[in-house]
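Worksheet: one structure, shown below.
The values are calculated or read from the model by the stated rules, or taken from the named source; none is laboratory data. Fair warning: this is a prediction, and the values are worked out from it, not measured in the lab. For neighbour counting, all protein chains shown are included, and Cβ atoms are generated from backbone atoms with ideal geometry for every residue, glycine included. Note: accessible area is taken over every heavy atom of the protein model, side chains too, but ligands, DNA and RNA are not part of it. Shrake-Rupley method; radii C 1.70, N 1.55, O 1.52, S 1.80 Å.
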Amino acid sequence: MLFTPTLLKAQRSDNGDGTFTNPVIWSDFPDNDVIRIDDTYYMVCTTMYFFPGVPVLKSKDLVNWEYASNAVDRFKQHPFYDLKGGNRYGKGQWASSIRYHKGKFHILFLTLDEGGFLYTAKNAEGPWEMQKLPKAFYDAGLFFDEDGKNYVVHGYSKLSLTEVDDKLQPLKADSMIYNKGERPGLEGCHMYKINGYYYIYATYGGPDGYQTCLRSKNIYGPYEEKVVLKDDMNLKGMGVHQGALVDTKSGEWWSIIFQDRGGVGRVPTLQPVTWVDNWPIIGKNGRAVVTFKKPNVGKNWPVRVLPTSDEFDGPELGKQWAWNHNPDDNKWSLKERKGYLRLRTSESATELTSARNTLAQRMFGPYSNVTTEMDITHMKAGDYAGLGVLQVPYAFIGLKANANEKSIVMVNNGKTIDSVILGNHKTIYLKAMANTTQDEATFAYSFNNQKFIALGNTLHMKFDLKMFTGNRFVLFNYATTQTGGFVDFNWFRMELRQGPPNLFKATSKIEAEMYDEIHMAKVGTRDNLPWTKGQCITGTIDGAWLKFNRIDFGKGYNHMSIALFQDKGGKIKVYVDNDLTDPISTVEIPMDKSVSGKTLSLPINTLKGIHAITLRFEASSGAVADIDWFSFSNI
């Protein structure tokens, strides 16, 4: 069976026209905290059991980010971090707080099992120094007050404040400052002092989480509370929540705040902040923005995309890489064979999740296509090596070495789904393709890097709390019977379509929930299940509309197709660019539900080049229809 690549969409955020489209990074960078030092922004995120970990990213405009460093090289606090006798899946480092104080960056975080840690550095690029703290602060926010006193706000459901010294040693007992939350699960605190108020920016966690803010004139309270954003953006039931507030030198305020997106993980978004009666109100008109004007930072900075591919030609691995748990540095090398990553088998393992020296990096939405070239000459009997996707469940395509031959195998959640005899080939190309909008990954192999053959079945990716991180692509080599074998990876390449993220080809199936702007309508699912990815736009009452800012009609198209569900009568008028008075076409929807579940085709005035399209809903009463997708063609 031939393997045909899917058209890949963009993963950058900058549209190149003064706007950006969320997510600001479509990948697993959760629990965001952000600060500004002069004209540069710094962000930290959660990485848990991946090392090097705790990435520090920097940006000039809050939209285009690059790596500065990984603050934590490895964890030596327990053998489980070496995958000896157990593991730290679902645990490890999380919910960091970053602040700059007395010429140093400070990063505070905890692990559930080992307690609290403080990492400091003079520069964001490191080196970072570690200090084990006598006290663990849950989901902590570090705060240096203008009067010289230092505090940590922390807790789950009930929030406490602890005064600390410069080394974060407690000076007083914890003080309970808030225990009247809207619901259980208040967490993810960051503290600020703005215009005479102390603010605690916090979240009610979970997939349906939402953002709240507490304020008081006194740091010890009493605090009053206001919900500042309660909205799901492009994904039903997945609230935008937990992040940080930050200002620009021009006086604007913004929030980097994440959204759960299933298999790809928890992705940061950038939301405008408007101050209303001294409350930071997030988004626009009560909704999280999708496409919006970039922050005013006084200059237009160039588009940047985080690195993904690696030719393994340098002396070090790129900052995008992390090992699943601590690596055994004696069992991998970039020097033994120049231009290759050599992975030697370490301790024996029973499956991928217990295999040491598994090298991982994040996948990006909406689609990621990765390929690697592997020399498998020196595998030993019982070895497994290849390319995988790691979470619960996991899957991989790779080589299994038997006593007299090697087989190409596809394994899904520990079960071998399919296999073929390798033959005399010494080099093989492996491919993994992840569709994060559908949470699906498929695998294929090739002997010439041109003709790929699909193998096995589809991995249905999940975000399982047993691991608590987004799915990652992994390169691995582990032994089941004897150690001593090795494989060489020549390169790892990730393909992502370049270009503005909100630019769609007119002939593509444009999913309705990928709007740039929305009014009154909302994201729903056809079967009304919040975790399914079979989404549509619903709640389309009279006056509701969707806008798609850039659709490329090329040399011209004169027909539109639109997939409808749950139609209840009314009209959908189609407008071009800024003309909202003269539609180019009108979809007439009968009251008898005769078009529900069908795709309608209708003529439009021929459009060429790039245009904005607005779909406006009209009805005398009730909703108009649920829209799944639309597309354009010539008939």
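Brief remarks follow.
- Residues of region 602-621 classified as loosely packed, with under 12 Cβ neighbours inside 10 Å and over 23 Å from P500 (Cα atoms), total: 4
- Matching residues in region 242-265 - criterion: being more than 16 Å from L465 (Cβ to Cβ), over 13 Å from the mean Cα position of the chain (by Cα) and not charged (D, E, K, R): G243, A244, L245, V246, T248, S250, G251, W253, W254, S255
- Criterion (closer than 13 Å to R616 by Cβ and open to solvent by less than 40 Å² (accessible area, probe 1.4 Å)) met by exactly one of I541, I510, I551, I518: I518
- Selected residue (criterion: farthest from Q438 (Cα to Cα)) from residues of region 342-372 that are under 17 Å from the mean Cα position of the chain (by Cα) and open to solvent by 10 Å² or more (accessible area, probe 1.4 Å): R362
- When region 575-594 is limited to residues that are modelled with pLDDT under 95 and open to solvent by less than 20 Å² (accessible area, probe 1.4 Å), the one that is nearest to K505 (Cα to Cα) turns out to be S585.
- Of the criteria (1) more than 20 Å from L245 (Cα to Cα); (2) in contact with a Gly (Cβ under 8 Å, 6 or more places away or on another chain); (3) surrounded by fewer than 18 Cβ atoms within 10 Å (Cβ to Cβ), which one P207 fails: (3)
- Residues that are in contact with a Phe, Trp or Tyr (Cβ under 9 Å, 6 or more places away or on another chain) and at pLDDT below 95 were ranked within region 602-616; the one that is nearest to L580 (Cα to Cα) is I604.
- Test: residue in region 293-309 that is in contact (Cβ under 8 Å) with a residue 60 or more places away in the chain, in a strand (DSSP E or B) and surrounded by 16 or more Cβ atoms within 10 Å (Cβ to Cβ): no
- Residue tally, condition surrounded by fewer than 23 Cβ atoms within 10 Å (Cβ to Cβ) and either under 18 Å from M433 (Cα atoms) or in contact with a helix residue (DSSP H, G or I) (Cβ under 6 Å, 6 or more places away or on another chain) (or both), over region 373-389: 1
- Assessment of region 38-54 against the conditions (open to solvent by 10 Å² or more (accessible area, probe 1.4 Å), closer than 30 Å to V289 by Cβ and in contact with a strand residue (DSSP E or B) (Cβ under 9 Å, 6 or more places away or on another chain)) yields at least one matching residue.
- Of all positions in region 232-240, none carries a residue that is open to solvent by 10 Å² or more (accessible area, probe 1.4 Å), modelled with pLDDT of 95 or more and either among the hydroxyl-bearing types (S, T, Y) or in contact with a strand residue (DSSP E or B) (Cβ under 9 Å, 6 or more places away or on another chain) (or both).
Let's see how each residue does on (1) hydroxyl-bearing (S, T, Y); (2) under 30 Å from S346 (Cα atoms); (3) free of Cβ contacts under 8 Å to residues at least 12 places away in the same chain; (4) open to solvent by less than 10 Å² (accessible area, probe 1.4 Å):
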| residue | (1), (2), (3), (4) |
| --- | --- |
| Y89 | yes, yes, no, no |
| K102 | no, no, no, no |
| K122 | no, no, no, no |
| P127 | no, yes, yes, no |
| M130 | no, yes, no, no |
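- Condition check for R472: within 30 Å of W323 (Cβ to Cβ), surrounded by fewer than 22 Cβ atoms within 10 Å (Cβ to Cβ) and in contact with a strand residue (DSSP E or B) (Cβ under 6 Å, 6 or more places away or on another chain): no
- Count of residues meeting criterion [of a type outside the set (G, A, S) and open to solvent by less than 10 Å² (accessible area, probe 1.4 Å)] in region 247-266: 7
- Subset of region 261-292 [part of a strand (DSSP E or B) and either touching a helix residue (DSSP H, G or I) at 6+ places or on another chain (Cβ under 9 Å) or not β-branched (V, I, T) (or both)]: R266, P268, L270, Q271, P272, W275, W279, P280, K284, R287, F292
- Any pair with Cβ under 7 angstrom, 6 or more apart, that starts in region 12-30 at a residue that is more than 21 Å from D260 (Cβ to Cβ) and ends at one that is among the charged types (D, E, K, R): G18/K293; G18/K294; T19/K293; T19/K294
- Screening region 437-497 for strands (runs of 3 or more DSSP E) wholly inside it with 1 or more residues that are of a type in the set (G, A, S) returns the ranges 440-446, 472-479.
- Residue count for region 180-192 satisfying the condition of being loosely packed, with under 14 Cβ neighbours inside 10 Å and modelled with pLDDT of 95 or more: 0.
- Residue check for G570: surrounded by fewer than 16 Cβ atoms within 10 Å (Cβ to Cβ) and in contact with a strand residue (DSSP E or B) (Cβ under 8 Å, 6 or more places away or on another chain): no
- If the condition is being buried (at least 17 other Cβ atoms within 10 Å of the Cβ) and touching a Phe, Trp or Tyr at 6+ places or on another chain (Cβ under 7 Å), then region 139-150 contributes D139, F143, N150.
- Checking P307, P327 one by one, the residue that is under 15 Å from P52 (Cβ atoms) and in contact with a Gly (Cβ under 6 Å, 6 or more places away or on another chain) is P307 and no other.
- Members of region 310-341 found to be hydrophobic (A, V, I, L, M, F, W, C), open to solvent by 20 Å² or more (accessible area, probe 1.4 Å) and not in a strand (DSSP E or B), listed by number: L317
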